[in-house]
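A.B. asks: Structure provided below as structure tokens; questions to follow.
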Amino acid sequence: MKKKSHATKRPSQKKRAVLAQRITAAGSFPIPLAEPATVHEPVRMHEPSRDNAHEYAPQHERSIFDSQNRAALIQLLAHAVLFILITPLVLARLSDILKYNFLLYHKLIPEPYSAILGGFCLVGLALYSLAATVQLKFGVLSPFSSRPIKRLLTRAPYDVSRNPATLGILLYLAGLSFIMNSLAFFTGTLIFSILALLYLKFVEEPALVSHFGGAYSDYKKKTPFLLPGF
């Protein structure tokens, strides 16, 4: 009985040639290794820091009732009460004194025209309200604040008058003079107007020139003091 041979049979020469061709073909076209997947980080929006946050904040308008303007709003209301309610009462008392001491009993103008010119009262109130609102919305502080103003405001109506709020008050008082048709009240209003304009010209404006420098000087050249031509 023959023993089975455990020796490994060698492949024939033909099979070895076929295997060699396959190995050569596989070596000529290596299978590319898979590249690691690229992890894309989420795009982060640039967030302003506290130091440059003012560059991203809207510069054109601010809320009238925000925390920065709350104190200025209170001062503005106090200013409105002083010049719209208290000042006319004081001028009415002054007109009585002028009547008895200087005999200013005459009417200012004929009756039909006094009612028409009394419309200056509404025009003055509208101008004063507009100037105050613009100052609170676009400025840093109210112009009537005791603290220094940080920004020179040149928006309307401050582009046609350097003192539109004062102009509104003077028009309001003049309208009251025509409504009352009192020469004595008009005389008191005229005295008050002269004092107010002297204060603006020789006290407030030099302080603004000192505070803003050349910017306010250029603003003075382009914008009239009270009215165009005045």
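Bear in mind these aren't lab numbers, they're just calculated from the coordinates by the rules spelled out. Here the structure is a predicted model, which means the values were calculated and not measured.
A.B. asks: Want the number for Ser193 to Ala78: 0.36 nm per residue separation, take away the alpha-carbon distance, what's left?
C.D. replies: Length difference between fully extended and current span is 39.4 nm.
A.B. asks: Would you mind checking the pairs Lys99/Lys220; Lys137/Lys220; Lys107/Lys220; Lys137/Lys222; Lys107/Lys201 and listing those with alpha carbons more than 28 angstrom apart?
C.D. replies: Lys99/Lys220; Lys107/Lys220; Lys107/Lys201
A.B. asks: To continue, here is another question. Classify the range 172-211 as rounded, prolate or oblate from the Cα gyration tensor: take a ≥ b ≥ c as the square roots of its eigenvalues, call it rounded if a/c is under 1.5, otherwise prolate when a/b beats b/c and oblate if not.
C.D. replies: Here the range 172-211 falls in the prolate category.
A.B. asks: In percent, what relative contact order does the range 64-222 have, based on Cα pairs under 8 Å that are 6 or more apart in sequence?
C.D. replies: RCO, the range 64-222: 31 percent.
A.B. asks: Give the shape of the range 85-230 as rounded, prolate or oblate, defined through the alpha-carbon gyration tensor: a ≥ b ≥ c are the square roots of its eigenvalues, a/c under 1.5 means rounded, and otherwise the shape is prolate if a/b is larger than b/c and oblate if not.
C.D. replies: Taking the square roots of the gyration eigenvalues as a ≥ b ≥ c, the range 85-230 is prolate.
A.B. asks: Please state the shape class of the range 83-137: rounded when a/c is under 1.5, otherwise prolate if a/b exceeds b/c and oblate if not, all from the C-alpha gyration tensor.
C.D. replies: oblate
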